[in-house]
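Taken together, the values in this text are just the output of simple stated rules run on the coordinates, not laboratory data. Small disclaimer: the values here were computed from a predicted structure and weren't measured. Cβ coordinates were reconstructed from backbone atoms using ideal geometry, including for glycine residues, and neighbour counts include every protein chain displayed.
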Amino acid sequence: MEGIYLFRGVPRATMEVLGRSLIPKWFGNGEEIIGDGEFHECFYILRTGEVQAVSMGAAGEEEVQQWSEPGTIIGADVLEGKVLRQSNRVIRSCSDVTVVFWMSKLTFDNVAAEYKETILRNLEKGEQGTQEQEGCVCM
């Protein structure tokens, strides 16, 4: 987790607890991570594979975003307290195997309470494109 921009400035002991709190989940090509119209109260950290967000419109599907970098945070808005309904938008795997780690907002708030402001500042900076890629992005 040390290479994930979101957790810069968080002590190693807290990162270890956060890492143990993440739950791995595997998806195959085309499987939905967040379905159309679903509410979500968790965020995801991409470990391997590719994920895309597609908009469901009158003309069919249109890709609006794609993620492939290990350590990318998907659904970071949840950390800011925004429980959103994914209207007309689907988040799904677009590789044979996609592995993400997920954590609920409640777990995050309990585990990272002391460093929540630091994490939210990192999120606000939006440094997602400048992650360090050393080592495992998980625990």
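Ordered by the number of other Cβ atoms lying within 10 Å of each residue's own Cβ, fewest first, Thr98, Thr118 fall into the sequence Thr118, Thr98. Fully extending the segment from Glu117 to Met56, taken as 0.36 nm per residue of separation minus the present Cα-Cα distance, adds 18.5 nm. Annotation: the residues Trp102, Trp26, sorted from fewest to most other C-beta atoms within 10 Å of their own C-beta, follow the order Trp26, Trp102.
Exposure proxy shown here: for Arg12, Arg47, the number of other Cβ atoms within 10 Å sets the order, fewest to most, as Arg12, Arg47. If only the Cβ of Lys and Arg carry +1 and only the Cβ of Asp and Glu carry -1, the dipole of segment 5-129 around its Cα centre is close to 460 debye.
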